[in-house]
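**Q** Submitted below is the structure of interest, expressed as structure tokens.
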Amino acid sequence: MAEKTMGGAGASRTSYQRYPRVRIREMKDDYLKFELRDTDASMANALRRVMLAEVPTIAIDLVEIEVNSSVLNDEFIAHRLGLIPLTSDDAMSMRFSRDCDACDGDGQCEFCSVEFFLSVRCDSDQTLDVTSADLQSTNPRVCPVDVAANALSSAADGYESAEQKGIIIVKLRRGQELRLRAIARKGIGKDHAKWSPAATVTFMYEPQIHINEDLMETLTLEDKRSWVESSPTKVFGIDPNTQQVVVIDAEAYTYDDEVIKKAEAMGKPGLIEIYPREDSFIFTVESTGAIKASQLVINAIDILKQKLDAVRLQDEESDMKELTSHLGNL
């Protein structure tokens, strides 16, 4: 419902208040599928963009290499280290290094950074893999995501599999060595992709599908099968008992219009009507593992609320200045 509100200097403003609803469909540590209803595309896209680029995580940002006799140069190794996802459950409470007044940026600060050390030397004829498991963190709550996951898996299974050796950083041969110090800091995906907590975030309009049953009954069973098979995805099917066309999975529809074109080619325009619900969206969120997918959505909503509050306060301050200016001219 629209509400009329009075702004500064007698101006009127229309506010469209909505009450968005969320329903969880499927939830895992690194995957979340949910419905967002009773809102519009601008809010859905804002939430998506915040999840991708505004939710903070922790990633290696500075590398000091002491010894590197591997085949990869220093810059290459530093880049690979930066892209290793780190557990970031504490990222929201940490300070950005640029805003921290408790340190000089050397990395030895509990409020804005975490130190990592790596020291590996190959003394055998067998190739040695240097992996994320070799990174030693000064903060046990911040470590490579795969190391944290493998620790839980090993504790449950009692053994370590070949897949639990970590993310490979570089390979060493006899006599080669890698020794370095790295500093991990808080950041957001807008600054660099290594800080993005989301592997992918997508949303789609929920489709509304209406079949004209009267027109459908004029088709033969063979025509029905041909029409159903014209869809690239399995949206429709034929009920084996009633021989009627039914919707199997509406969300599998990709808005390709193939079934509509097929109906027109068969001389049956209006056989099917498909249109998107403009106030209902289906989100799919996949996390890098830095934070859980559910926490990613919660953090994104909190950040979006902060941004909206900032806009509202700025708007109110602008109205107050306009009102003061108007009264001063009376």
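The values are calculated or read from the model by the stated rules, or taken from the named source; none is laboratory data. Since we're looking at a predicted model, the values are computed, not measured. Heads up, the Cβs are rebuilt from the backbone with ideal geometry, glycines too, and the neighbour counts pull from every protein chain shown. In case anyone asks, the SASA skips ligands and DNA or RNA and just uses the protein heavy atoms, side chains included. Shrake-Rupley method; radii C 1.70, N 1.55, O 1.52, S 1.80 Å.
**Q** Which loop chymotrypsin sites (Phe, Trp or Tyr not before Pro) in segment 243-320, with loop taken from DSSP, have no more than 14 other Cβ atoms within 10 angstrom of their Cβ? Don't skip to the end; give the middle numbers.
**A** Values: sites: Tyr253, Tyr255, Phe281, Phe283; in loops: Tyr253, Tyr255.
Hits after loop and neighbour filter: Tyr255.
**Q** Continuing with this model, one more query. With a 10 Å cut-off between alpha carbons and a GNM built on the chain, which of Lys190, Lys165, Lys224 moves the most?
**A** Evaluated over the chain, the most mobile residue of the options is Lys224.
**Q** Each residue of segment 22-35 in order: what ³J(HN,Hα) in whole Hz does its phi give by Karplus 6.51 cos²θ - 1.76 cosθ + 1.60, θ = phi - 60°, with x for Gly and Pro?
**A** 10, 10, 7, 9, 8, 9, 10, 4, 10, 8, 8, 10, 8, 9
**Q** For the chain, which whole-number percentage of the solvent-accessible area (1.4 Å probe, protein heavy atoms only) is attributable to carbon and sulfur atoms?
**A** Numbers: 9420 of 19100 Å².
Exposed carbon and sulfur together represent 49 percent of the surface.
**Q** Starting from the Cα of Lys262, draw a straight line to each of the lysines and keep only those under 16 Å, dropping any in the same chain fewer than 8 residues away.
**A** Lys224, Lys234
**Q** Let me ask you something else. Between Pro20, Pro144, Pro197, where does the largest GNM mean-square fluctuation fall for the chain, given springs only between Cα atoms within less than 10 Å?
**A** Evaluated over the chain, the most mobile residue of the options is Pro20.
**Q** Return the sequence-ordered ³J(HN,Hα) values of segment 288-300 in whole Hz as given by the Karplus equation 6.51 cos²θ - 1.76 cosθ + 1.60 applied to θ = phi - 60°, using x for Gly and Pro.
**A** Per-residue couplings from phi come out as 6, x, 4, 9, 5, 4, 5, 5, 4, 5, 4, 4, 5 Hz.
**Q** Accessible area per residue for the chain in Å², computed with a 1.4 Å probe and the full protein assembly in place, what is it? Let's see the in-between values first.
**A** Details: 19100 Å² over 330 residues.
Here the per-residue accessible area is 58 Å².
**Q** Mind checking which lysines have their Cα closer than 24 Å to the Cα of Lys307? Skip sequence neighbours fewer than 8 apart in that chain.
**A** List returned: Lys4, Lys186, Lys190, Lys194, Lys292, Lys321.
**Q** Using only the Cα atoms of the chain, what are the Rg and Dmax in Å?
**A** 27.9, 90
**Q** Would you mind working out the magnitude of the charge dipole of segment 170-295 relative to its Cα centre, with +1 at each Lys and Arg C-beta and -1 at each Asp and Glu C-beta, to the nearest 20 Debye?
**A** Working: 17 positive and 20 negative charges, 411 e Å.
Computed about the Cα centre, the dipole is about 1980 debye.
**Q** Moving on. For the full complex of protein chains and a 1.4 angstrom probe, list Leu81, Leu62 by accessible area with the highest value first. Intermediate results must be reported in sequence, preceding the final value.
**A** On the way: Leu81 0, Leu62 65 Å².
Largest accessible area first, the list is Leu62, Leu81.
**Q** P(r) for segment 221-266: what percent of alpha-carbon pairs falls in each 10 Å bin, starting at zero?
**A** Taking all Cα pairs of segment 221-266, the binned fractions are 29, 57, 14 percent.
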